[in-house]
Amino acid sequence: MTKIHAAITAIGCYLPETKLTNADLETMVDTNDEWITSRTGIKERRILKEPGEGASYMAIKAAEDLLRKSGTDPKDIDCIILSTATPDMPVASTGVYVATKIGATNAFSFDLQAACSSFLYGMSVASAYIESGRYKKVLLIGSDKMSSIIDYTDRATCIIFGDAAGAVLFEPNSQGYGVQDEYLRSDGIGREYLKIDAGGSILPASAETVANKQHYVFQDGKTVFKYAVSNMADVSEKIMQRNNLTHGDVTWLAAHQANKRIIDATAHRMGLDDSKVLMNIERYGNTTSATLPLLLCDYEKQLKKGDNIIFATFGGGFTWGAMYLKWAYTAK
């Protein structure tokens, strides 16, 4: 029997119009452009300003972009996975709402949350569904409105995050293109270093939790950075070793866009030249679940059929991992 791989066959994305630059942040908190750029590589990020709109709004826009570009009928989609750390609401699934709004009436849908590794974990689930032979079209969307959970008086976090969404379509491929291997990891030691204290079942929302700003992201930056540098580089090197890939075999590194120094360290461990590293953190910051599909969107015209791409992420929890994918098409 011919082995079926799960290949990405289409991409879509959405970026809010409003830009929040380092110069803007200088008027909000005690920071400056040189400090932000040297430590993170970020110059600006996008912020969703539309009143009453959340992660679903951007997810719908990204999905519609993909459907339009690829000519896909939404009724042909079997499953929609929404990777997000900022769902519209705590209970009703955001992905289910997105599926209905884009007309994917034959699809089942759910949300997947693994912080900044959500999209990579979603790629794993989507590829497993395709490889099983049970489903033919799986739409994976990463969408996060990080501005909704950021305290813009906290210079440790407000300089990092932005809002955006991206989507990819997975379909079966019998020519060897698509997901080749993955190595996913997690460690609950990270629970205390990157979190939102309130709003869950341990500490439900109250006037006190709101007053104490416990519904915003807290990050112990130095600790998270240390774990991210070592672990993201480790899994990227591991996936190369498991598949007998040298630095010459890897066409591109698509790493989670959290910090340029972390991406550089990962590329260095893999022995990759800067020209092989997909990077857009300067323009968007850390969009959490949207960073990987945004990279694919920005570089789509440079990706060629047969390119070997290593995806790598690190996120709160801690969650991290790497995936080896052989690109399935050359964009027209």
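At an R0 of 35 angstrom, the distance between the Cβ atoms of E50 and Y329 translates into a FRET efficiency of 0.60. Checking every one of the trypsin sites (Lys or Arg not before Pro) in the range 1-70 against DSSP loop status and a limit of 12 other Cβ atoms within 10 Å picks out K3, K49. A straight chain from F110 to S275 at 0.36 nm per residue would run longer than the Cα-Cα distance by 55.7 nm. Segment Y152..H215, full-extension length gain: 21.4 nm, with 0.36 nm per residue of separation and the alpha-carbon distance subtracted. Across the range 26-39, rounded Karplus estimates of 3J(HN,Hα) from the backbone phi angles (6.51 cos²θ - 1.76 cosθ + 1.60, θ = phi - 60°) give 4, 8, 10, 9, 7, 7, 8, 4, 4, 5, 5, 5, 5, 8 Hz, Gly and Pro being marked x. Each of the peptides 4-13, 313-322 was scored by the mean count of other Cβ atoms within 10 Å over its residues; in descending order, highest first, they stand as 313-322, 4-13. When the surface is traced with a 1.4 Å probe over the full set of protein chains, M28 keeps roughly 90 Å² accessible. Rolling a 1.4 Å probe over the protein heavy atoms leaves D234 with an accessible area of roughly 70 Å².
Note on exposure: S174, S117, S93 ranked by accessible area (1.4 Å probe, complete protein assembly) read S174, S93, S117, with the most exposed listed first.
Among the listed values (i) 61, 46, 36; (ii) 93, 55, 37; (iii) 55, 40, 35, the one matching Cα extents along the principal axes in Å as calculated from this structure is (i). With R₀ fixed at 51 Å, the C-beta to C-beta distance from W35 to A128 puts the FRET efficiency at about 0.75.
The values are calculated or read from the model by the stated rules, or taken from the named source; none is laboratory data. Source: prediction; values computed, not measured. All Cβ positions, glycine included, derive from the backbone under ideal geometry; neighbour counts span all protein chains shown. Keep in mind that these areas ignore ligands, DNA and RNA; they rest on the heavy atoms of the full protein, side chains included. Shrake-Rupley method; radii C 1.70, N 1.55, O 1.52, S 1.80 Å.
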